[in-house]
1. Can you find a residue in segment 133-145 that is among the aliphatic types (A, V, I, L, M), open to solvent by 60 Å² or more (accessible area, probe 1.4 Å) and out of contact with any Lys or Arg (no Cβ under 8 Å at 6 or more places or on another chain)?
2. With the requirement that a residue be in contact with a Gly (Cβ under 9 Å, 6 or more places away or on another chain) and farther than 23 Å from K196 by Cβ, what does segment 67-90 give you?
3. I'm told R135 meets every condition in (1) touching a residue at least 60 places away in the same chain (Cβ under 8 Å); (2) in a helix (DSSP H, G or I) except one. Can you identify the failing condition by its number?
4. Looking only at segment 85-124, how many residues end up being more than 16 Å from the chain's Cα centre (by Cα), under 20 Å from A147 (Cα atoms) and assigned to a helix (DSSP H, G or I)?
5. Go through segment 7-40 and give me each residue that's modelled with pLDDT of 65 or more, open to solvent by 90 Å² or more (accessible area, probe 1.4 Å), assigned to a loop (DSSP other than H, G, I, E, B) and of a type outside the set (S, T, N, Q).
Amino acid sequence: EIIQRLSIPEVHRLTGLTRGEFDIEALSVLATGRNDCMQIELREQRLDVGIAFLFDRSSSMSVLDSAIELSVALNEAVLQHRRSVETGFFAFHDQVFDCGSAQPNNGIAGVKCAGGTQEELGIRLAVNWLRSIRRPRKLLITICDGAPAHVSAVKKETDALLAHGILPMRILVGVDIAPRTYPIELFFDSWAELNKELAKVFTAVVLAARTA
């Protein structure tokens, strides 16, 4: 619903022109013999963003069905709005996975949980995709349940993103202390809480995309 509302272009009407479409409200002007009775409409896309979703699939996530449900829900949420929101889905543990764009059965739910948290590798993969697309606003959203294996490496990767106009954001679930490797870090006590607040989270993401 949020994406649908913000995907509607803003319409700006310019009147008093000598070219364009006839302005029915300018009949009085036409009666005077003047020809500045035309109008045009300018449509401005309110939401035009590329988002890379990066999911932690390390072994600590193996019993968290809610994490898989969340990734599927996000895929379905943007599926009908690909003109306004271009998305890529990625996952990582000891390996990294490119699960494709928003599409039915895009593969994000099929990545098995295993191994460690090589987050910096996942960031590089997601950012390569972000840099390849042509969108005025770009975000990286990482969703995980703890700190990465190599904090300094992740911090180096996220610091570099800002220089390229990419805003990195981390969503942390079930932890009290942030690794402080992202400029924006959101905390949730449980996956149930995140699912409950998902609309608010997505609103914050959309607002960040429009003002970044």
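The values are calculated or read from the model by the stated rules, or taken from the named source; none is laboratory data. Predicted, not measured: the structure shown is a model, and the values here were computed from it. Methodologically, a virtual Cβ is constructed for each residue, glycine included, from the backbone with ideal geometry; neighbour enumeration extends over all protein chains shown. The area values use the complete protein model at the heavy-atom level, side chains included, leaving out ligands, DNA and RNA. Shrake-Rupley method; radii C 1.70, N 1.55, O 1.52, S 1.80 Å.
1. Scanning segment 133-145 turns up no residue that is among the aliphatic types (A, V, I, L, M), open to solvent by 60 Å² or more (accessible area, probe 1.4 Å) and out of contact with any Lys or Arg (no Cβ under 8 Å at 6 or more places or on another chain).
2. Across segment 67-90, the qualifying residues are E86, G88, F90.
3. (2)
4. Selection size over segment 85-124: 5.
5. R19, R34
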